[in-house]
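Novice: One structure, pasted below without further comment.
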Amino acid sequence: MVYLPPPQLAGNRSSYSEAYGNILAAHRRSPLTSASSVILLVAPDVDSLCAARMLADLLKGDDVMHRIIPVSGHADLERKRDELATYSDLHTLILINMGAILDLPSPEWFGDFDTQLTVHVIDSSRPQNLSSLFGGGENGERIVIWDDGGAENMEEERKAWEVLTYEPEPDSDEESDLESDTEDVDRDEDEDGYEASDSSGKRRSIGEGRTSPKRRRLERPARASRDERERYAAKLQKHYMSGTWHGQSASGTIYLLATVLERVDNDLLWLAILGLTYQYTTSRISREEYEKYHMIYHDEVARLNPPPPPSALKDYDFKSQNPDDRSVYAADELRFMMFRHWNLYDAMYHSSYVASKLGIWKERGRKRLTGLLAKMGFSIPETQQPYPHMAKDLKQTLRNKLDQIAPEYGLVELSYPSFTRCYGYLSPPISACDAVEAISALIDVATGIRMEVEVQGARNGGEWFGGGKVWDAGGREGMKREDRSERDGMSASVLADLFAKKDGDEGDEEDLQWWVKNFWIAFDALNDIKYLRNALSLSMSLHRAIIRQGSSIIDKQDIRTLRGHRVVVLAQGPDLALFAHPGVLSRLALWLVEAMRDKVPDRPMANGRRRKSLPFVVACLNELAGTYIVVGVTAALDFGEVRKNEFGLAFLDAKERCNARTRHGTFDTSVIEINKDDLKVFLETLCEANER
């Protein structure tokens, strides 16, 4: 058994706390203790960063030196693995949101490493590799999967994997030998199956007293027949080929560990909340799954924090109660984009939910938005004021008026349960959704591309006639001061060309450096409210670009339908370099899915079945590399539901069938990079295969 069930399902079995205790024990008894003894490999997403920060705090509290290494994708993981093979003092390797699908016990990954190494996998992505999950032996026992309880319901998959892995395939020679042996035993039983009768006149069977040696020799576990093996193979194929989905967040797993260790506090709770919120806002988990974990964190918030004042509960206007207040409160969150830090009109305009219901990409949709605000009693100048400066009576009546009037416009799910945290004198309270948006923006575009942000108070001619400024990441990973003055005036293409002018390996290293900087900037922002607040303006600029591009796509009817798939190809435009980032392109794809959800008729497909999802394929040209970044999204037709994403396997199948030149640069298998000349045939092959 190499997977760890969660504490509530463990019973007498080992769970998270025992695994963590083994990490501490291995570190303390190791004669070569250094920062390279315990290494965390972390994927660049919000949930991974939160989990890494939480685990780092726990290790620091136990005086365990460790290193955190960001890893961009599977290719980068292979390079890191080759480097780790040279570390003689490495005894614990922790993979956060990576590795679940890989055959880690095999020699291709960590099977040839020193036997002292233990690999811990904390990954929310599914499906999981069954060799890592159920494998035994020396290599299998060194791979420890921190499971969320899903493996407890995989007995059929486990049996199928064990039969196909450990039992040899039956052949005709063995079957004929077995049949002949059985015939001999039957013949012997006919000849001397009974002894002479005893004094009572009854005959006693030999089998009643003892077992025949020949029968004992033949009593072995029955091998699976060919039909059974085929059935087991189909079971495993369904497990791996049914698409990708997500389970318990990695940060939620670490929070469970901290709970068992009795070391939870508001900082760890807030990071776990951010990881859960990230999964929900990026459509990785359904509303039902989100509410299940939300109830747990709601109880934790009530346990660790004082109750909010009655006025805050009534008006949803949470404020810090003292200069050092770091409380977390449970509060419903409106589906308006960062409305507490923006103005009400822009927050509603840039909301994907409002966009889908009102159709804001058309003039008629924008008129409906202004009509909704007017019917609520909000004038246009008032809605374009920064939200903190709006009249207090308007803010207090906002939610009641939305509940009364918004359903007339189809806006029936304008809020969802969430959380808000206070930051004392340092900042106004920030909601979990706003914090996730800010961290995501830092991961995607903190450096590596020129972004303009709006200067606060510069609208309508303020601050020297209005305008914006170039985003400055600042911090320890920001650009050098002497470089900023030179790069501020550069376009995105010129800045990218600056990276590409390096020679050989130096160019690759510099090109990768932007995402490493972004990783550490976002990592610092988790615990630094100054960085987090500065990132809010960057997130606003990013959402402006997404709405601008998405509205242009719909307005110009650039969405093509190929055999039931909606396909969008971006080959020109002012924001082309921005959407060449996989994270930003994925955001655009999700926005298009939300916007078009109510516009897709529920017609039957060619095979007679009704479509249950809305597949979208969005491709963006990377002019410098001569490739296209392609993102596939499979979203449910019903709001709040989540379907398994089958594009990862579909991409691989299309690649094999058309021999396209591709590369996977991230851990998300539904994101792929394709050679510029191969895009057309790749998309045609992809859509043909999915129609069958």
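Every read-out reported here was derived from the displayed coordinates using simple, explicitly stated rules and does not represent laboratory data. This structure is a prediction, so every number in the text was calculated from the model and none was measured. Every residue, glycine as well, gets a Cβ built from its backbone with ideal geometry; the counts of neighbours run over all protein chains shown.
Novice: Calculate the FRET efficiency for Ser225 and Asp653 from the Cβ-Cβ distance with a Förster distance of 25 Å, rounded to the nearest 0.05.
Specialist: E(calc), rounded to 0.05, equals 0.25.
Novice: Please label the shape of the range 3-149 as rounded, prolate or oblate, based on the square roots a ≥ b ≥ c of the eigenvalues of the alpha-carbon gyration tensor (a/c under 1.5 means rounded; beyond that, a/b larger than b/c means prolate, else oblate). Please list the in-between numbers first.
Specialist: Numbers: a/c = 1.16, a/b = 1.05, b/c = 1.10.
It is rounded, given that a/c, with a ≥ b ≥ c, falls under 1.5.
Novice: Report the full-extension gain for the segment Asn322 to Ser415: residue separation times 0.36 nm, less the Cα-Cα distance, to one decimal in nm.
Specialist: 30.7 nm
Novice: Between Glu162 and Lys60, what FRET efficiency follows from the Cβ-Cβ distance if R0 is 51 Å, with the result rounded to 0.05? Provide the component values of the computation, followed by the final result.
Specialist: Details: r = 40 Å, r/R0 = 0.79.
So the FRET efficiency works out to roughly 0.80.
Novice: Additional query: Summing +1 for each Lys or Arg and -1 for each Asp or Glu, what net charge is found among the other residues whose Cβ lies under 10 Å from the Cβ of Met540?
Specialist: Details: positive: Arg544; negative: Asp346, Glu437, Glu454.
Taking every Cβ under 10 Å from that of Met540, the sum is -2.
Novice: Taking a 28 Å limit on the Cα-Cα distance, which of the listed pairs Lys319/Lys367; Lys357/Lys517; Lys375/Lys530; Lys375/Lys469; Lys235/Lys644 fall beyond it?
Specialist: Exceeds cut-off: Lys319/Lys367; Lys357/Lys517; Lys375/Lys530; Lys375/Lys469.
Novice: Mind listing which chymotrypsin sites (Phe, Trp or Tyr not before Pro) in the range 637-692 are in a DSSP loop and have 16 or fewer other Cβ atoms within 10 Å?
Specialist: Phe639
Novice: Length gain on complete extension for the stretch Lys556 to Ala636, per 0.36 nm per residue less the alpha carbon to alpha carbon distance?
Specialist: 26.3 nm
Novice: So if I restrict to the alpha-carbon atoms in the range 335-390, what is the Rg, and what is Dmax, the biggest pairwise distance, in Å?
Specialist: 10.6, 29
Novice: log₁₀ I(q)/I(0) of the range 557-691 at q = 0.13, 0.16, 0.17, 0.19 Å⁻¹, via Debye over equal Cα point scatterers, no solvent, to two decimals?
Specialist: Calculated log10 I(q)/I(0) at the listed q: -0.51, -0.79, -0.89, -1.12.
Novice: How long is the range 1-79 along each principal axis, judged by its Cα atoms, biggest number first, in Å?
Specialist: 38, 31, 23
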